[in-house]
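Please read the structure below before turning to the comments.
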């Protein structure tokens with residue numbers, strides 16, 4: 001791959017990496033398979049060079065949407081990410097496993113399946129990475145690595161270098177982002193629903209009138225009212241379909257939004273022309289109804305994602321942030337729950353949650369374990385009984401001997417299984433893109 005100054009006449013083109021407008025001649029270009037493509041900035045040039053030099057040029061053939069524009073590639077260095085190598089910080093989100101350690105990261109800039117393919121192939125090619133899997137639905141990455149061979153700061157720098165800055169996954173922040181997106185989708189859905197109902201109301205007389213038709217004045221009045229009500233549905237509610245279709249066309253790919261946008265746009269324009277010219281059929285009710293049902297399907301999908309995230313968020317918040325540890329002389333001391341270790345003795349007061357898994361040494365009480373077991377009735381625990389971190393003490397003080405703390409608790413294990421379920425794919429799904437799709441593109 002080479003970067004050079006193009007000497008062609010001044011023309012408007014799109015950046016080969018992010019799709020932004022580029023005025024030729026551009027000082028940044030990318031050469032793939034003998035063809036030279038313009039780039040808009042040094043950031044796109046750095047990212048494109050990292051992708052192609054890593055042997056991942058197929059990303060540009062398989063992607064179905066454009067990535068976000070990298071604003072500044074100077075931050076894609078290990079030094080800028082060295083903060084995440086701090087052991088105290090890693091203790092909050094990095095967990096041990098048989099092959100080394102693993103963590104869940106929130107990834108920005110993911111737009112399509114090709115992004116997930118690029119991230120996984122880039123990371124898996126690095127020495128010391130034991131595995132990586134992208135959850136395309138929630139834009140999360142489950143990353144495993146050997147800390148003796150590669151650092152987390154290097155991995156974060158590699159992700160930023162190819163245009164996907166990442167950070168430790170925080171359930172509350174992810175839920176707030178999904179909530180904002182849900183509110184915007186809901187507003188579009190309401191506009192589409194109102195427009196659909198009103199357009200149907202003005203279209204119903206034409207269906208009931210049959211062959212006789214309506215009076216000419218009512219005919220034009222109802223058509224103009226339907227046009228006025230359908231216009232915000234097309235321009236506002238259906239806006240995401242048109243934006244995604246435009247990005248697909250700029251990259252010369254055909255996604256689902258391209259035929260959807262063609263159907264909505266062509267039916268609306270043909271109907272509008274029929275109203276203005278007074279000749280032809282109108283389909284405003286079909287346009288608004290089609291838009292509503294498509295938005296309703298996407299809203300249900302987003303709602304399911306949000307519920308899945310809320311379940312993980314509830315599990316993550318089960319363990320309390322602090323705990324009361326008993327010293328050797330029995331004096332209580334409040335400290336962060338992350339500092340508890342197996343063998344510590346802790347005091348759990350009524351109304352407080354158990355900070356880690358353990359065994360009761362003194363006391364008896366009822367515990368609410370409904371979040372973990374689904375059992376609505378409190379259960380009674382006595383001396384010698386095992387208790388699970390996250391359970392709520394309801395009646396009397398308990399003294400526990402910690403058996404498992406931190407990432408070894410049952411709650412942490414459930415969170416880990418949830419992350420793995422979202423990130424891992426069946427073996428047949430992992431093999432599917434290996435040769436059939438590549439062969440199809442090769443012979444097409």
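The values are calculated or read from the model by the stated rules, or taken from the named source; none is laboratory data. The structure displayed is predicted, hence computed values, not measured ones. Note that we place each Cβ from the backbone using ideal geometry, even for glycine, and neighbour counts take in every protein chain shown.
What are the residues in segment 305-341 that are modelled with pLDDT of 80 or more, under 15 Å from residue 357 (Cα atoms) and surrounded by fewer than 13 Cβ atoms within 10 Å (Cβ to Cβ), if any? 341 - this is the single residue of segment 305-341 that is modelled with pLDDT of 80 or more, under 15 Å from residue 357 (Cα atoms) and surrounded by fewer than 13 Cβ atoms within 10 Å (Cβ to Cβ). Just one of the listed residues (133, 116, 157) is under 24 Å from the mean Cα position of the chain (by Cα), without any contact (Cβ under 8 Å) to a residue 24 or more places away in the chain and surrounded by 15 or more Cβ atoms within 10 Å (Cβ to Cβ), and it is 116.
Residues that are without any contact (Cβ under 8 Å) to a residue 12 or more places away in the chain and either in a loop (DSSP other than H, G, I, E, B) or not assigned by TED's automatic domain parsing to the domain that holds residue 343 (or both): does segment 377-397 have at least one? Checking segment 377-397: at least one residue is without any contact (Cβ under 8 Å) to a residue 12 or more places away in the chain and either in a loop (DSSP other than H, G, I, E, B) or not assigned by TED's automatic domain parsing to the domain that holds residue 343 (or both). Just one of (1) farther than 21 Å from residue 411 by Cβ; (2) modelled with pLDDT of 85 or more; (3) not in a strand (DSSP E or B) fails for residue 361. It is (3). Against the definition (surrounded by fewer than 18 Cβ atoms within 10 Å (Cβ to Cβ), over 18 Å from residue 406 (Cα atoms) and touching a strand residue (DSSP E or B) at 6+ places or on another chain (Cβ under 9 Å)), how does residue 350 come out, yes or no? Against the criterion (surrounded by fewer than 18 Cβ atoms within 10 Å (Cβ to Cβ), over 18 Å from residue 406 (Cα atoms) and touching a strand residue (DSSP E or B) at 6+ places or on another chain (Cβ under 9 Å)), residue 350 qualifies.
If you check residue 50 against the conditions, is it crowded, with 21+ Cβ neighbours inside 10 Å and either assigned to a helix (DSSP H, G or I) or at pLDDT 80 or above (or both)? No, not satisfied.
Only one residue in 266, 203, 288, 271 is surrounded by 17 or more Cβ atoms within 10 Å (Cβ to Cβ), in a helix (DSSP H, G or I) and within 35 Å of the chain's Cα centre (by Cα). Which one? Result: 288 is the single residue among 266, 203, 288, 271 that is surrounded by 17 or more Cβ atoms within 10 Å (Cβ to Cβ), in a helix (DSSP H, G or I) and within 35 Å of the chain's Cα centre (by Cα). Elements of the type strands (runs of 3 or more DSSP E) sitting completely within segment 87-195 and holding at least 2 residues that are at pLDDT 85 or above and in contact with a strand residue (DSSP E or B) (Cβ under 8 Å, 6 or more places away or on another chain): these cover 100-107, 129-135, 140-145.
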